[in-house]
Amino acid sequence: MSPPTIFLKASVLMGCNCINVRESDFAGLDIDINLLEPCLHEYAYKKGSLITVLQTAQDIYGYLPIQLLAYIARRMDIKPAKVLGVATFYNRFRLKPVGKHLILLCQGTACHVNGSPAIETAIRDFIGVQEGEISQDGLFTYNNVACLGCCSLAPAMMIGEKTYGMLNRDKTIKILEDIKKGEAI
């Protein structure tokens with residue numbers, strides 16, 4: 001089995017040439033690196049601040065492209081592998097762009113047993129894409145997660161900062177329709 005494309009790309013960009021990542025490497029990514037500079041100026045050499053910088057970068061750009069991770073590594077004088085490791089360890093960090101509303105569908109034991117596979121099908125049918133893809137209207141992306149920590153609400157999903165529980169197919173579609181109409185969130 002070959003590694004996923006994102007990791008092949010990462011291994012090239014995070015290799016020995018990452019020190020040479022420049023602002024021009026962000027062309028076509030719609031990334032203005034200058035927006036992150038105040039954060040990097042404040043935290044670049046503060047031990048233990050990598051997560052803060054990554055959170056700020058994701059808040060600014062919506063995701064963490066590999067080129068940006070390499071740039072952060074260089075600016076913070078941290079090994080690129082460590083930056084990539086942190087960005088891929090925490091499920092809140094995204095290496096690909098997402099729709100305006102990110103749906104996190106719990107696939108933990110309680111949610112699975114209580115019907116999360118049917119909820120996933122309802123989400124996929126409604127937004128018309130597979131996991132990790134952006135819907136054609138740019139509104140939705142859904143990802144499965146191991147656990148949301150709200151087993152008493154199983155099956156559950158989060159959209160933005162809001163948790164929805166005790167879902168069934170109809171309730172899930174109603175929530176998504178309301179969001180699409182601008183009536184929710």
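Where a number appears in this text, it was derived from the coordinates with a stated rule and is not lab data. These figures come from a predicted structure and were not determined experimentally. Here the Cβ is made from the backbone with ideal geometry for all residues, glycine too, and neighbour counts use every protein chain on show.
Beyond 27 Å in Cα-Cα separation lie the following of the pairs K96/K162; K100/K174; K47/K162; K47/K100; K46/K100: K47/K162; K47/K100; K46/K100.
Apply 1/(1 + (r/R0)^6) to the Cβ-Cβ distance of Q136 and T52, taking R0 = 30 Å, and write down the FRET efficiency to the nearest 0.05. Efficiency, from the Cβ-Cβ distance: 0.30.
The range 75-96 and the range 124-170 have Cα centres spaced 24 Å apart. Here the dipole of the range 101-181 is about 200 debye; that uses its Cα centre as origin and unit charges on the Cβ of Lys and Arg (positive) and Asp and Glu (negative).
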